[in-house]
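The values are calculated or read from the model by the stated rules, or taken from the named source; none is laboratory data. Every value quoted in this text rests on a predicted model; they were computed, and no experiment measured them. Heads up, the Cβs are rebuilt from the backbone with ideal geometry, glycines too, and the neighbour counts pull from every protein chain shown. Accessible surface areas use protein heavy atoms only, side chains included; no ligands, DNA or RNA. Shrake-Rupley method; radii C 1.70, N 1.55, O 1.52, S 1.80 Å.
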Amino acid sequence: MPDLSPRAARRRRRPRPDPYDRAEILARWGGCCYCDGSAEELDHVVPLAHGGPDVAANLVAACRECNSSKHAKSLAEWAAER
């Protein structure tokens, strides 16, 4: 008989797909929106850690250096450091 406990049900759930198309967002920007370098990552303009939504309208293309230096900072906090 299969295990029907809530814990087993959580293990069987498939991860939900992203609500956006990564390739489309990277193509839309063409390069890093912060420094015009080569973009290979997506950045949440309003970080998820600050309540930003995980939707295409909150995403921009960013290079690895800009994205990792911005981390979970707001644009204002990040810009003040640069």
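The set of residues from segment 57-70 being open to solvent by 60 Å² or more (accessible area, probe 1.4 Å), under 12 Å from the mean Cα position of the chain (by Cα) and under 17 Å from Glu81 (Cα atoms) comprises just one member, Ser68. Across segment 30-44, the qualifying residues are those that are open to solvent by less than 40 Å² (accessible area, probe 1.4 Å) and in a loop (DSSP other than H, G, I, E, B), and the one among them that is nearest to Ala76 (Cα to Cα) is Cys32. Restricting to segment 1-29, and then to whatever is modelled with pLDDT under 60 and either surrounded by 10 or more Cβ atoms within 10 Å (Cβ to Cβ) or among the aliphatic types (A, V, I, L, M) (or both), can you tell me which residue is farthest from Gly52 (Cα to Cα)? Checking each candidate, the answer is Met1. Scan segment 57-71 for residues that are small (Gly, Ala, Ser) and either in a helix (DSSP H, G or I) or at pLDDT below 95 (or both) and the total you get is 3. Out of curiosity, is Asp54 under 18 Å from Leu75 (Cβ atoms), modelled with pLDDT under 95 and open to solvent by 40 Å² or more (accessible area, probe 1.4 Å)? In short, yes.
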